[in-house]
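The structure appears right after this line, and notes come after that.
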Amino acid sequence: MFPPRHDFPRIRAAFAAACLGCLLAAPGCREKAPLAEADLAAPPPAIPHPRVERDLRDLRKGGQLRVLFRYDSSNYFLHKGEQAGFEYELMERFARDQGLSIAAVVIEPGADIVSLLNDGTGDVACGSLIADPEHERWVALTRPTNFARKVLVLAADDRRANTTAALSGLTVTLPQHDPFRLDLQKMSDAGGWGLKLGTSPERLDAEDLVAEVARGKVDAVVVDDLVAQTALTYRDDVRVGLTLGEQRPTVWFVRQNSPELRMALNAFLRGHLNVGADGRERRSNDYTVLHERYFENPQSIRGFREADTRPDMGGAISKYDDMIRSRASFYGLDWRVVAALIYQESRFEPGARSVAGALGLMQVLPRMAGPQADSLLTPSPNLTAGMRLLRTIYDSYAYCDSVDRWCFTLAEYHAGPGRVTDARRIAMEQHRDPNHWEDSVALTLPKLSDPTWTSKLGTAAYGGGRTVRYVNQVLNRASLYAQVVPLGGPAAADSSGAREMASAANFP
């Protein structure tokens, strides 16, 4: 589900609207600019200052970096079941360098990003965020992650000249709460352009607004040039008009009380993007590859927009979605969690084999597969065996709450029951709750590699930190799938799945 939204104060908006109505009705008062400027500015955040203390050293203890992403086709999206996007891949490299896994939190267009940072929903905010002095009142900004300037996007058949004189009377829309809205109004007033600023529909981001221009829903929009140029690679019903304003850096936001995290992010970014004394960008090879993949290469950009590879566009997570959905329904499991597990186990490769002898999509050991032991490299029986095992483990933790239940289920699926039991024994010795995952067993599993504990338990060393990362990664991916993929929907199973659906006896 989406994180809680912090709605911008409605009383302030209603008051501003009422005052504006009075101004329009009273000719003598129309010149009062301060109210218009205040009305154009983005409202202050609901939570202006940090409410949590969580810097880089704390994140390393938990192993996760919570990142707020805007969902769009350039910076963060799902493609063939995988997370993708320019800022996602850049952030993933940083997290990997720090020994962290990313917990992606997808935010809705117009969400109060500052408040979501300050209440701890996220630790870093991404998404082509323009550096604006106003933001520094509430959050800390990193070095540039990219550079962008605002451009006008019009319908392809709108042939007006690319001059400011041709803008008179044109209604222009910007993404909700875009700080450039105020700058644009000032530019129009100073230059006598005669622009009209339209109201952005809620929950539409810059990419959506470009589509609205193509549909004739709005006259024109102002978006970042990177968004506009990317859109031109897969559509011919819009065009780019005037460039408006100067090039400005995009940045990441962090809480003001996270100086270590900000310092580490800046050190990372400094190694990938710099601007020389001559004003030219200096990019690392890695950064150059990512930038070309998501912003410059028409073939890859069009490939990322293919609907059948994008679950948010009605496509599939994998070609096994229908089969996974039908099996999961039978066993009473959320198919999106199962799909996330399968991605983590085999990347949806039915022929996958592990060094431990686990086979197929769900990496099932033959000795645990029952009647399907001899056919685990075939998707249908592999899913049956894997989900039967998963459900058995899940049922054994019925006394835990829903979140802990899934954490322990996934941990046992990955590490086996003995290691999870050992980690719970350590938790009890440390006076922690053995039935609780976070701040308890998630902290004691890594101790299974500590000689002090292995000698006490009489067990071989095991890298329990891998299991904690596995649980985090599966649940993070499942959360993302749940945000963009419906739970139900038609389950047009393959022929072997259809036969098994006809007789429940074929599943167990």
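The table for this structure:
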quantity	calculated
Whole-number percent relative contact order across region 210-327, with pairs defined as alpha carbons under 8 Å at least 6 apart	18 percent
Under 23 Å, Cα to Cα: Lys pairs in the chain, sequence gap 8 or more or different chains	10
Dipole-positive endmost among His431, Ala373, Cys407 within region 328-482 (Cβ charges, Cα centre)	Ala373
Estimated dipole of the chain in Debye, rounded to 20 [Cβ of Lys and Arg +1, of Asp and Glu -1, Cα centre]	760 debye
Solvent-free Debye scattering, log10 I(q)/I(0), computed from the Cα coordinates of the chain at q = 0.06, 0.11, 0.13 Å⁻¹	-0.35, -1.04, -1.31
Inter-label distance, nm, simple model (7 Å from Cα along the C-beta direction), Arg160/Thr421	7.4 nm
Per-selection metrics, region 148-247 (Cα): Rg and Dmax in Å	12.2, 36
Relative packing of peptides 183-196, 254-267, 449-462 - highest average C-beta neighbours within 10 Å first	254-267, 183-196, 449-462
Relative contact order (percent, whole number), the chain, Cα cutoff 8 Å, 6+ residue spacing	15 percent
Considering only region 148-247, percent of DSSP beta bridges that pair antiparallel, nearest 5	70 percent
Spatial separation of Cα centroids for region 356-429 and region 207-223, in angstrom	48 Å
Computed over region 321-506: relative contact order in percent, which uses C-alpha pairs under 8 Å that are six or more apart	23 percent
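Bear in mind that the values in this text are calculations on the coordinates, not laboratory data. In this text the structure is predicted, and so the values were computed from the model without any measurement. Backbone-built Cβ (ideal geometry, glycine too); neighbour counts: all protein chains shown.
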